[in-house]
Amino acid sequence: MFEEVKLLGPTERSIVVQTRRGTDVKNLVELDPGPRERRVYERYLQNYGRNWVPRKPPMGVYNCAGHVWASRRTAILEEEEWRLILREDGYRRLREDEEPVPDDLAVYVYPSRGEAGFLHVARVLEVRAGLAPGSQKIPWVVSKWDSVSGEVLHHVHDVPYGRQGFEFRVEYWTDRPA
Amino acid sequence: MSARVLQQLTSDDFAVSAGFLSTPGSLRRFFHQAKEVAAIKEALRQEAITDSTLRGFVSSVLRDLRCGERFPHQLAIAAIAVVLETRATDFADEFLHDLSRLGLAEMSMCIRVARECLKHRVNLAHNKTKVLRLPDDGFSRAWSPSEPQISFKCNAGQTSVSRVCEVV
């Protein structure tokens, strides 16, 4: 199987990314989206993103994890690498009584046997007042959904995962001291 | 039916529904719940399609692979990997191992989904060993879903006999 594909040889390219402790982080500089992926992304925006604010059109190179942890230079695809970064870069999960502030991270997690799985990570851009007086403030985040999507600004809970059939929760993580 | 259940994997509707998940683990999870994947598993179970049909489908979509461009049917290949994760055939083994060993930027996501499937396939083999009692010949058979072999052990308790044979 894939005999002809093997003839292309390895074409993946990565760059040096390390945690604060110096552990290498596996990564992949992704190719740009083709016409089909751009077309599908337009439909994705129509389906899920009526209230999203576009920041950037579809492009390759990085995914959400590459956006927040590798300065938009590469994609970090494997969930083990996300766990490594959270552990070795001094992140901690916010307590229930703590509010996120700009530049904290919103991590979208789905339940799984063993360790929870990661769906997405986004950077908190600002925390806006809620709709009603005295209601809870709402974080707005910047997201690059995957390695070929565009970037958008959106309300932290305005994500497609529920409609895609996922049970998920949002965790806030920060590198601020406790 | 055979063509339809596979061809829907290449549709824009399918791509939008599976759209833009960031990790191979979450994409694998999505496909395990997807009705399109369930339909293919059912078609295989009913023998409306076979491993040979899958092989032909994969070969046909791979004609669209171009060096230096993202492969447009990655989701279809990734979905097939999820279909084959729990299928105990030589083709499933060959497909998952060969795909997971590739290092192509053009197919980055489906390669990693195949690696995820292999991880879980190994776990499945370890976790879901079944013992089938065969009273007429006094042997029990241990079977694991991703291991195309059956080992026999004697039930008598005095003499332990082990042998391995291939599943037909």
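For the structure I just gave you, tell me whether B:ILE49 is among the aliphatic types (A, V, I, L, M), more than 9 Å from chain A (Cβ to nearest Cβ) and in contact with a Phe, Trp or Tyr (Cβ under 9 Å, 6 or more places away or on another chain).
Values: among the aliphatic types (A, V, I, L, M): yes; more than 9 Å from chain A (Cβ to nearest Cβ): yes; in contact with a Phe, Trp or Tyr (Cβ under 9 Å, 6 or more places away or on another chain): yes.
Taking the combined requirement at face value, the residue satisfies it.
Taking the conditions exactly as written (within 14 Å of another protein chain (Cβ to nearest Cβ), part of a loop (DSSP other than H, G, I, E, B) and surrounded by fewer than 17 Cβ atoms within 10 Å (Cβ to Cβ)), does A:GLY130 satisfy them or not? Spell out the reasoning first.
Details: within 14 Å of another protein chain (Cβ to nearest Cβ): no; part of a loop (DSSP other than H, G, I, E, B): yes; surrounded by fewer than 17 Cβ atoms within 10 Å (Cβ to Cβ): yes.
It is false that A:GLY130 is within 14 Å of another protein chain (Cβ to nearest Cβ), part of a loop (DSSP other than H, G, I, E, B) and surrounded by fewer than 17 Cβ atoms within 10 Å (Cβ to Cβ).
Looking only at the stretch B:90-103, filter to residues that are touching a residue at least 12 places away in the same chain (Cβ under 8 Å) and closer than 18 Å to A:LEU28 by Cβ; which one of those is surrounded by the most Cβ atoms within 10 Å (Cβ to Cβ)?
If we filter the stretch B:90-103 for residues that are touching a residue at least 12 places away in the same chain (Cβ under 8 Å), which is where we start, we get B:90-93, B:95-97, B:99-100.
Filter again for closer than 18 Å to A:LEU28 by Cβ, leaving B:99-100.
On the way: B:LEU99: 27, B:SER100: 18.
Step by step, filter the stretch B:90-103, then rank; the result is B:LEU99.
Only one of these conditions is not met by B:PHE14: (1) in contact (Cβ under 8 Å) with a residue 60 or more places away in the chain; (2) at the interface with chain A (Cβ under 9 Å from one of its Cβ atoms). Which number is it?
That leaves (2) as the condition not met.
Kindly indicate whether any position in the stretch A:47-58 is within 11 Å of another protein chain (Cβ to nearest Cβ) and either in a loop (DSSP other than H, G, I, E, B) or charged (D, E, K, R) (or both).
As a first pass, look at the stretch A:47-58 and keep what is within 11 Å of another protein chain (Cβ to nearest Cβ): A:47-49, A:58.
Going one step further and asking which of them are either in a loop (DSSP other than H, G, I, E, B) or charged (D, E, K, R) (or both), we end up with A:49, A:58.
Scanning the stretch A:47-58, I find at least one residue that is within 11 Å of another protein chain (Cβ to nearest Cβ) and either in a loop (DSSP other than H, G, I, E, B) or charged (D, E, K, R) (or both), so the answer is yes.
Quick check on my filter: what residues within the stretch B:20-32 are on the phi < 0 side of the Ramachandran plot, within 7 Å of chain A (Cβ to nearest Cβ) and crowded, with 23+ Cβ neighbours inside 10 Å? Steps first, answer last, please.
First pass over the stretch B:20-32, keeping only residues on the phi < 0 side of the Ramachandran plot: B:21-32.
Still in the running and within 7 Å of chain A (Cβ to nearest Cβ): B:21-26, B:29-30.
Result: B:LEU21, B:SER22, B:THR23, B:PRO24, B:GLY25, B:SER26, B:PHE30.
Given A:GLU99, A:GLU167, A:GLU171, A:GLU115, which one is in contact with a strand residue (DSSP E or B) (Cβ under 9 Å, 6 or more places away or on another chain), in contact (Cβ under 8 Å) with a residue 24 or more places away in the chain, over 28 Å from B:ALA15 (Cβ atoms) and assigned to a loop (DSSP other than H, G, I, E, B)? Break it down into steps so the answer makes sense when it comes.
Working: A:GLU167 fails: over 28 Å from B:ALA15 (Cβ atoms); A:GLU171 fails: assigned to a loop (DSSP other than H, G, I, E, B); A:GLU115 fails: in contact with a strand residue (DSSP E or B) (Cβ under 9 Å, 6 or more places away or on another chain).
Just one listed residue meets the conditions, A:GLU99.
Please enumerate the residues belonging to the stretch B:53-89 that are in contact with a helix residue (DSSP H, G or I) (Cβ under 8 Å, 6 or more places away or on another chain), surrounded by fewer than 19 Cβ atoms within 10 Å (Cβ to Cβ) and polar (S, T, N, Q).
Within the stretch B:53-89, B:THR53, B:THR86, B:THR89 qualify.
The numbers here are math on the coordinates, done by the rules we state, and not lab data. As the structure is a computational prediction, the values presented were derived from the model and not from experiment. So basically every Cβ, Gly included, is an ideal-geometry build from the backbone, and we count neighbours across all protein chains shown.
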